[in-house]
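Worksheet for the structure shown next.
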Amino acid sequence: MDPSDEQRSASSSSHVFVHNPHLDAMKDDILYHFSLGTKTHDLPAMFGDVKFVCVGGSPWRMKSFIEYIAAELAMEDPKSDYPNICAGTDRYAMYKVGPVLSVSHGMGIPSIAIMLHELIKLLHHARCTNVTIIRIGTSGGIGLEPGTVVVTKQSVDATFLPKFEQVILGKTVVRNTDLDLSLAEDLLQCSKELNQFETVIGNTMCTLDFYEGQARLDGAFCAYTEKDKQDYLSRAREAGVCNIEMESSVFAAMCKLSGLRAAVVCVTLLDRLKGDQLSSSHEVLHNYQMRPQVLVGSYIKKQLKAKMQRS
């Protein structure tokens with residue numbers, strides 16, 4: 001583990017941190033993949049009130065979430081059309097209502113990492129404080145009924161170790177993938193209060209690939225047997241892994257470095273011990289995919305209500 005990373009993350013407070021001295025010398029920081037910039041946009045005016053950021057893979061899902069949360073919070077007309085703040089680019093989509101920001105991140109570690117670099121800088125330039133960020137998405141479960149929601153305790157790699165590795169200047173840098181346990185427990189409590197679907201806290205395995213990296217038998221290439229697959233997934237389950245996806249490790253590592261309170265909330269679409277392909281109907285899958293939105297929406301609503309009672 002890089003000791004400097006641990007020291008920086010330990011110094012986190014209510015502010016969003018960037019750890020790059022070169023940014024101070026830049027007259028304009030262009031957030032290229034958002035089509036935003038410090039010189040062309042008033043970021044504090046646009047985003048300074050953001051307290052909750054929700055990120056997910058597809059632009060459609062994140063627009064659906066902002067429409068859902070707007071209706072839940074009764075902040076805007078749920079039938080209105082929410083403009084894509086990143087309309088100047090086709091890389092990511094971004095929507096906002098009140099203190100909630102909804103951003104798509106694409107699929108896999110490289111895509112979400114690029115988005116997070118620019119999102120963290122955006123929140124920093126906007127002088128946001130006390131921000132909570134939650135990834136909502138889908139996953140494959142291990143030994144769980146389809147439709148179960150998993151709140152991640154730790155993100156682990158494909159060898160079941162809680163770490164994220166990145167090669168920087170030819171050297172491997174290892175970063176911590178712990179997430180905010182108190183936030184995970186708050187989300188679990190919200191699910192109990194909702195009493196609509198099963199929710200568990202457990203480890204999430206983050207892989208570099210959807211097929212061979214997740215021990216699937218249905219990819220273009222496969223050099224292992226059904227028994228090999230079952231043995232591997234059984235070892236993962238014994239290591240506390242509840243589900244598999246492709247973004248949580250870098251998400252956890254980067255949020256920890258920037259001082260962001262973070263969680264990962266993913267619904268399982270199938271039990272990987274029983275198969276590799278989705279056979280559920282479109283209606284059932286849509287219902288499953290709404291569950292992280294419902295849970296996170298309930299959490300945000302609860303937090304805002306508590307804040308109003310305190311003020």
So, in segment 18-59, how many residues would count as being open to solvent by 30 Å² or more (accessible area, probe 1.4 Å), touching a Gly at 6+ places or on another chain (Cβ under 7 Å) and more than 18 Å from residue 102 (Cα to Cα)? 2
Looking at 208, 269, which is the one that is out of contact with any Gly (no Cβ under 6 Å at 6 or more places or on another chain), touching a residue at least 40 places away in the same chain (Cβ under 8 Å) and more than 30 Å from residue 69 (Cα to Cα)? 208
Do we have any residue at all in segment 115-126 that's open to solvent by 20 Å² or more (accessible area, probe 1.4 Å) and more than 15 Å from residue 18 (Cβ to Cβ)? no
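Can you tell which of 174, 100 is touching a strand residue (DSSP E or B) at 6+ places or on another chain (Cβ under 6 Å) and assigned by the TED database to the domain that holds residue 53?
Just one listed residue meets the conditions, 100.
Suppose we keep only residues that are part of a strand (DSSP E or B) and without any contact (Cβ under 8 Å) to a residue 24 or more places away in the chain within segment 167-205. Which one would you say is farthest from residue 136 (Cα to Cα)?
171
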If I filter segment 229-238 for residues that are under 17 Å from residue 150 (Cα atoms), acidic (Asp, Glu) and open to solvent by 30 Å² or more (accessible area, probe 1.4 Å), do I get at least one hit? yes
Taking segment 69-84, which residues are open to solvent by less than 50 Å² (accessible area, probe 1.4 Å) and in contact (Cβ under 8 Å) with a residue 40 or more places away in the chain? 69, 73
So in segment 211-235, with the set limited to residues that are closer than 17 Å to residue 246 by Cα and not aromatic (Phe, Trp, Tyr), which one is farthest from the chain's Cα centre (by Cα)? 219
Residues of segment 127-137 being more than 17 Å from the chain's Cα centre (by Cα) and surrounded by 23 or more Cβ atoms within 10 Å (Cβ to Cβ), in sequence order, are 128
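For (1) modelled with pLDDT of 95 or more; (2) open to solvent by 10 Å² or more (accessible area, probe 1.4 Å); (3) in a helix (DSSP H, G or I), each residue gets a yes or a no:
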residue: 242; (1), (2), (3): yes, yes, no
residue: 254; (1), (2), (3): yes, yes, yes
residue: 257; (1), (2), (3): yes, yes, yes
residue: 264; (1), (2), (3): yes, no, no
residue: 276; (1), (2), (3): yes, yes, no
residue: 284; (1), (2), (3): yes, yes, yes
residue: 290; (1), (2), (3): yes, yes, yes
residue: 296; (1), (2), (3): yes, no, yes
residue: 300; (1), (2), (3): yes, no, yes
Of the numbered conditions (1) farther than 13 Å from residue 244 by Cβ; (2) of a type outside the set (Val, Ile, Thr); (3) surrounded by 14 or more Cβ atoms within 10 Å (Cβ to Cβ), residue 140 fails exactly one; give the number of that condition. (1)
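The values are calculated or read from the model by the stated rules, or taken from the named source; none is laboratory data. Quick caveat, the model's predicted, so the values are computed rather than measured. FYI the Cβ positions are ideal-geometry reconstructions off the backbone, even for glycines, and counts take in every protein chain you see. Ligands, DNA and RNA are excluded from the accessible area calculation, which covers all protein heavy atoms including side chains. Shrake-Rupley method; radii C 1.70, N 1.55, O 1.52, S 1.80 Å.
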